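J.: Attaching a single structure in structure tokens format; questions to follow.
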Amino acid sequence: MSILSILIYPDENLRKKAELVSDKENLNEINIFVKNMFDTMYYYNGIGLSATQVNIHKQIITIDIDNNKIVLINPIIKNKKGYVSFCEGCLSIPNFFLNIIRYKNIEIEYLDIDLKKKKLKASNILSSCIQHEIDHLYGILIIDHLKKNK
């Protein structure tokens with residue numbers, strides 16, 4: 001079990017944009033890193049974690065909601081519909097929570113842990129979690145939604 005260090009706001013590295021994972025990447029290294037991301041996420045009682053939050057600026061996300069482990073590499077939102085609001089927290093901004101309005105239903109394209117192209121439809125909390133973690137890949141934090149929600 002390897003627990004990675006989570007960047008805490010206002011660390012400027014949280015604002016870096018993550019690079020796409022290339023098909024030339026070492027799959028074994030990606031698998032080890034993803035396992036460490038899950039270990040870290042569970043250790044801190046999170047439901048989602050982006051590589052950006054552990055200072056690796058690659059487009060990799062881990063999510064586990066209701067024992068449904070998901071790995072999203074290079075995720076792209078293709079379709080979005082409706083709105084939903086959830087109270088969100090963030091492992092990089094401890095003890096801060098904010099109601100955020102996000103798309104209720106999304107469809108994404110991504111690569112799985114074996115770098116195979118996949119599609120996923122998500123709604124409600126899973127949709128919000130995916131959008132939250134994708135935001136991290138672009139240097140966007142939940143505090144940036146304060147102005148949008150007013």
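Throughout, read-outs are computed from the coordinates displayed, never taken from laboratory work. Just so we're clear, the structure is a prediction, and the values are computed from it rather than from any experiment. Cβ sites come from the backbone with ideal geometry, for glycine too, and all protein chains shown count toward neighbours.
J.: Can you give me the C-alpha center-to-center distance between the range 98-150 and the range 7-53, rounded to a whole angstrom?
T.: Taking the Cα centre of each part, the range 98-150 and the range 7-53 sit 15 Å apart.
J.: Enumerate the amide H contacts of LYS58 below 5 Å, restricted to partners 5 or more residues apart or on another chain; note that Pro and chain-start residues carry no placed amide H.
T.: Long-range HN contacts for LYS58: GLU19, THR52.
J.: Something else: Given springs between every Cα pair under 10 Å in a Gaussian network model of the chain, which of SER92, SER128, SER22 has the largest fluctuation?
T.: Taking springs between Cα atoms under 10 Å, the residue moving most is SER22.
J.: When averaged across all projection directions, what area in nm² does the alpha-carbon convex hull of the range 1-51 cover?
T.: Working: hull surface 16.6 nm².
Mean projected area for the range 1-51: 4.2 nm², to one decimal.
J.: Label point 7 Å out from HIS57 along Cα-to-Cβ: which residues of the range 1-34 have amide N under 13 Å?
T.: Answer for the range 1-34: 12-20.
J.: Straight-line reach from LYS69: which lysines have Cα under 23 Å away, leaving out those fewer than 8 places along the same chain?
T.: Partners found: LYS35, LYS58, LYS78, LYS80, LYS104, LYS116, LYS117, LYS118, LYS119, LYS121.
J.: What is the ratio of the Cα radius of gyration of the chain to 2.2 N^0.38 Å, with N the residue count, to two decimals? Write out the running numbers ahead of the final one.
T.: Working: Rg = 14.4 Å, N = 150, 2.2 N^0.38 = 14.8 Å.
That ratio works out to 0.98.
J.: Moving on. Using DSSP, restrict attention to beta bridges with both residues in the range 12-149 and report what percent are antiparallel, rounded to the nearest 5.
T.: The answer is about 95 percent antiparallel.
J.: Go through the range 46-150 and name the GluC sites (Glu not before Pro) that are in a DSSP coil and have 12 or fewer other Cβ atoms within 10 Å of their Cβ.
T.: When the GluC sites (Glu not before Pro) of the range 46-150 are filtered for loop state and at most 12 Cβ neighbours within 10 Å, nothing remains.
J.: Here is a follow-up. Could you pull out every residue, at least 5 positions away or on a different chain, whose amide H is within less than 5 Å of the one on PHE86? Hs are placed 1.01 Å off N in the peptide plane, and Pro or chain starts have none.
T.: ILE100, ARG102
J.: For the chain, what relative contact order do you get, as a whole percent, if you take Cα pairs closer than 8 Å and at least 6 residues apart? Before the final figure, lay out each step's value.
T.: Numbers: 276 pairs, mean separation 37.6, N = 150.
Relative CO of the chain lands at 25 percent.
J.: In addition: Taking 1 over the mean of 1/r across every pair of different Cα atoms in the range 56-132, what Kirkwood radius in Å do you get? Please report the intermediate quantities before stating the final value.
T.: Values: mean 1/r = 0.0757 Å⁻¹.
Computed over Cα pairs of the range 56-132, the Kirkwood hydrodynamic radius comes out at 13.2 Å.
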